[in-house]
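Student: Structure incoming, see below.
The values are calculated or read from the model by the stated rules, or taken from the named source; none is laboratory data. In this text, all values refer to a predicted model and were calculated from it rather than measured experimentally. Every residue, glycine among them, receives a Cβ derived from its backbone with ideal geometry; neighbour counts consider all protein chains shown. Surface areas here come from the heavy atoms of the whole protein model, side chains and all, with no ligands, DNA or RNA. Shrake-Rupley method; radii C 1.70, N 1.55, O 1.52, S 1.80 Å.
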Amino acid sequence: MQTTIQTPAATVNHSTGGIGEDRVDWPDSDQMKEALEELETSFRERGYAFHLHCDNPGRIWRNLYAEAEEVFVALTPGLTLAINGALKQARPLEEVFLEPGHRFDIVGNSAHACRWVYGYEIAGTKSSTRVLRSNGLLMEEDWLFAQTT
């Protein structure tokens, strides 16, 4: 399931060209801040945690695990999700839902810093796994460890 975030603070330009041609026009930092506040409010109202990430180009987060329903929103182009082996280009400001029980990777394939927000359904997670999460992300081996304790 995917939806596009509606926020007056940002304009999304989805091109019909190749990979990585989408861009988000953030006219100034105040509009970026406003859009992030709107996203955080939306996440929290729906019962999701909210985590903002900014990573170096080329960073790969491997072997992540969706314990509960989780949502990913790219803020910049150049992010790919690998969900159970299938690749999904994450378009800026488009929500990508990750179903519980699935493994996934996040790949930053841009020459620039990659930014995204990520959240997990708080009610569907165990308190023991919330402690093990790194910036909201749960490694599969940490989830397996939590199942034994």
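Student: Filtering region 107-143 down to residues that are assigned to a helix (DSSP H, G or I), of a type in the set (A, V, I, L, M) and at pLDDT 90 or above, which residue is least open to solvent (accessible area, probe 1.4 Å)?
Tutor: Pass one, region 107-143, residues assigned to a helix (DSSP H, G or I): 122-124, 127-132, 140-143.
Among the residues that remain, those that are also of a type in the set (A, V, I, L, M) are: 122-123, 131-132.
Now drop any that are not at pLDDT 90 or above, which leaves 122-123.
Values: 122: 66, 123: 99 Å².
Restricting to residues being assigned to a helix (DSSP H, G or I), of a type in the set (A, V, I, L, M) and at pLDDT 90 or above, the top hit is 122.
Student: Something else now. If I filter region 84-96 down to residues being open to solvent by less than 50 Å² (accessible area, probe 1.4 Å) and free of Cβ contacts under 8 Å to residues at least 60 places away in the same chain, which single residue comes out as farthest from the chain's Cα centre (by Cα)?
Tutor: The qualifying residue farthest from the chain's Cα centre (by Cα) is 88.
Student: Just one of the numbered conditions (1) touching a Lys or Arg at 6+ places or on another chain (Cβ under 9 Å); (2) open to solvent by 10 Å² or more (accessible area, probe 1.4 Å) is not true of residue 81; which one?
Tutor: Looking at each condition in turn, residue 81 falls short on (2).
Student: So the check is Cβ under 8 Å with 6+ separation or different chains; which pairs have a first residue in region 98-117 that's within 12 Å of residue 66 (Cα to Cα) and a second one that's open to solvent by 40 Å² or more (accessible area, probe 1.4 Å) and part of a strand (DSSP E or B)?
Tutor: So the pair list comes out as 98/83; 102/83; 103/63; 103/83; 104/83; 105/60; 105/62; 105/63.
Student: Yes or no: residue 72 open to solvent by 30 Å² or more (accessible area, probe 1.4 Å) and under 12 Å from the mean Cα position of the chain (by Cα)?
Tutor: Values: open to solvent by 30 Å² or more (accessible area, probe 1.4 Å): no; under 12 Å from the mean Cα position of the chain (by Cα): yes.
So residue 72 does not fit the description; no.
Student: Which of the residues spanning region 97-106 are assigned to a strand (DSSP E or B) and either modelled with pLDDT under 95 or open to solvent by 10 Å² or more (accessible area, probe 1.4 Å) (or both)? Spell out how you get there, then give the answer.
Tutor: Within region 97-106, the subset assigned to a strand (DSSP E or B) is 97-98, 102-106.
Selection gives 97, 102, 103, 105.
Student: Counting only residues that are farther than 19 Å from residue 126 by Cα and aliphatic (A, V, I, L, M), which one in region 24-69 is surrounded by the most Cβ atoms within 10 Å (Cβ to Cβ)?
Tutor: Filtering first and then ranking leaves 39.
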